[in-house]
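The values are calculated or read from the model by the stated rules, or taken from the named source; none is laboratory data. Here the structure is a predicted model, which means the values were calculated and not measured. Cβ coordinates were reconstructed from backbone atoms using ideal geometry, including for glycine residues, and neighbour counts include every protein chain displayed.
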Amino acid sequence: MMQAQLAQGQATAPLLAVCDVSVVFGGIIALNGVSFDMHKGKILGLIGPNGAGKTTLFNCLSRLYQPSKGDILLEGESILTRPAHKIAEIGIGRTFQNVALFPNLSVLDNVRVGAHSRTSGDIISDCLKLKKVRRTEAEINERVHEILDYLHLEDVAHTIVAGLPFGTQKRVELARALAAQPKILLLDEPAGGLNHEEVHVLGDLIRRIRDDRDVTVLLVEHHMGLVMSIADHVVALNFGKKLAEGTPAAVQSDPDVIKAYLGSKDQ
Ligand code: ATP
């Protein structure tokens, strides 16, 4: 009986749990006791009008901000003791709203940086080019080329990133994040700056990544059409508090959510 209960509990245990998280900047309460779970293999959409707290929460998940209160658990363990530059190692990958690549490096080198962020080589073995390092390098090269191929970036592999169209740069950023083999992929307004057709393609791509690569996705997005078409679960914030959560249809028709959006300049 106990074992059955345990097995049932494990089956429903969240991959990531946001527990009562608050963030205060000076006198401003940017997040106020927000809690929700992310389950493996699902796409979670995080929505809310301007100033709702989405970016603040995203920055807590990627360890750029330290919550004033609460905890964030990945597979039951707090991530709050990890510095921001170590989150790739524990399986959290992210993209940036305005693209944050190395503009003067090639696509290949940018993606290679992502792949290296998951390895834990030490400087001595790197300098001595030990067998272990050579093997790791070969594995990284293989992984990087597989991802470039997956995201149709092989043709521009040796192109300097700065000269590429914005939509392609966004795909390179996605490739860099995937190269670290994340368990959770945090996407910060991926549809920003894309046209209607590109948003449609992006939606298909995010779903494909989730299905093919066993990645759980958190999507912060203003583009309601994208969120509602691909998210399995939606969390709506307003004034730093959780306003509603549930299926896209349930959240979209929630009277509090409708009121919050009507009262804002969004949409
Ligand atoms: P948007 O959709 O406009 O990006 P958001 O939902 O991402 O909004 P946040 O950027 O998280 O909202 O902001 C939540 C609140 O916290 C706002 O009142 C904002 O002014 C405030 N805030 C955010 N970052 C800081 C900061 N670094 N210092 C002070 N206040 C901040």
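Values computed for the structure shown
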| quantity | calculated |
| --- | --- |
| Residue within segment 205-217 that is touching a residue at least 60 places away in the same chain (Cβ under 8 Å), within 16 Å of the ligand (Cβ to nearest atom) and among the acidic types (Asp, Glu) present | no |
| Residue within segment 164-183 that is in contact with a His (Cβ under 6 Å, 6 or more places away or on another chain), of a type in the set (A, V, I, L, M, F, W, C) and under 20 Å from LEU101 (Cα atoms) present | no |
| Within segment 257-267, considering residues that are small (Gly, Ala, Ser) and assigned to a loop (DSSP other than H, G, I, E, B), the one nearest to the ligand (Cβ to nearest atom) | SER264 |
| Residues of segment 13-68 satisfying the condition of being charged (D, E, K, R) and within 12 Å of the ligand (Cβ to nearest atom) | LYS54 |
| Condition check for VAL220: within 16 Å of the ligand (Cβ to nearest atom), more than 17 Å from the chain's Cα centre (by Cα) and in contact (Cβ under 8 Å) with a residue 24 or more places away in the chain | no |
| Filter result (free of Cβ contacts under 8 Å to residues at least 40 places away in the same chain and either part of a helix (DSSP H, G or I) or touching a helix residue (DSSP H, G or I) at 6+ places or on another chain (Cβ under 8 Å) (or both)) within segment 224-256 | GLY225, LEU226, SER229, ALA244, ALA249, ALA250, GLN252, PRO255, ASP256 |
| Residue under evaluation ALA191, criteria (1) in contact (Cβ under 8 Å) with a residue 40 or more places away in the chain; (2) closer than 25 Å to GLY91 by Cα, criterion not met | (1) |
| Long-range neighbours under 9 Å by Cβ, at least six apart or interchain, first residue on the phi > 0 side of the Ramachandran plot within segment 136-160, second among the charged types (D, E, K, R) | HIS152/ARG171 |
| Residue within segment 171-183 that is free of Cβ contacts under 8 Å to residues at least 60 places away in the same chain, among the small types (Gly, Ala, Ser) and surrounded by 18 or more Cβ atoms within 10 Å (Cβ to Cβ) present | no |
| When residues of segment 69-84 are limited to those that are of a type in the set (A, V, I, L, M) and under 17 Å from THR216 (Cα atoms), the one nearest to the ligand (Cβ to nearest atom) | ILE72 |
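Table: residues versus (1) among the β-branched types (Val, Ile, Thr); (2) over 18 Å from the mean Cα position of the chain (by Cα); (3) at pLDDT below 95.
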| site | (1), (2), (3) |
| --- | --- |
| GLN10 | no, yes, yes |
| LEU64 | no, no, yes |
| LEU73 | no, no, no |
| GLY93 | no, no, yes |
